[in-house]
Amino acid sequence: MVEQPTDPELLRQLDDARASGGTVEAVLRLERQPGERPVPSVVRDQADRAIRRATEACGETPADVHVMANMATAYVAGTEKFLRELLAQPEVASAVANESRA
């Protein structure tokens, strides 16, 4: 597993969701070559592969997914278990909480 920058607020929300069983919303930046524009079809394939592997590994599916292919970004809502597995996928470059719950 490659260490990726993950927003401390997202990590806090994941920890809270572990106890409550709630859903967490995250915005993921997907990997791409530095300086190159995202290719929408490639971005959608990356998101699909990462979500498929995370689903197979933990047995859970996301509650919601929106891929913003022109920005190499995806919004994903899911359980703590699913999102932690998704964050470990090589296609995910970084992740932040969709909302701050401060």
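The values are calculated or read from the model by the stated rules, or taken from the named source; none is laboratory data. This is a predicted model, so every value here is computed, not measured. Counting neighbours? That spans all protein chains shown, and the Cβs are built from the backbone with ideal geometry, glycine included.
The C-beta contact set for region 38-52 (first residue touching a residue at least 40 places away in the same chain (Cβ under 8 Å), second residue part of a helix (DSSP H, G or I), distance under 7 angstrom, 6+ apart or interchain) comprises Ala50/Leu86. When Ser20 is tested against the conditions (1) of a type in the set (S, T, N, Q); (2) within 20 Å of Pro8 (Cβ to Cβ); (3) at pLDDT 95 or above, the lone failure is (3). Quick check on my filter: what residues within region 73-102 are touching a residue at least 60 places away in the same chain (Cβ under 8 Å) and polar (S, T, N, Q)? Residues satisfying the conditions are Thr79, Ser94, Asn98, Ser100.
Scanning region 38-48 for residues that are charged (D, E, K, R) and either modelled with pLDDT under 95 or under 12 Å from the mean Cα position of the chain (by Cα) (or both) yields a total of 1.
Across region 14-26, not a single residue is classified as hydroxyl-bearing (Ser, Thr, Tyr), part of a helix (DSSP H, G or I) and crowded, with 16+ Cβ neighbours inside 10 Å. For region 44-62, the tally of residues that are surrounded by 14 or more Cβ atoms within 10 Å (Cβ to Cβ) and touching a Ser or Thr at 6+ places or on another chain (Cβ under 6 Å) stands at 2.
Checked against (1) surrounded by 13 or more Cβ atoms within 10 Å (Cβ to Cβ); (2) free of Cβ contacts under 8 Å to residues at least 60 places away in the same chain, Asn70 passes all but condition (1).
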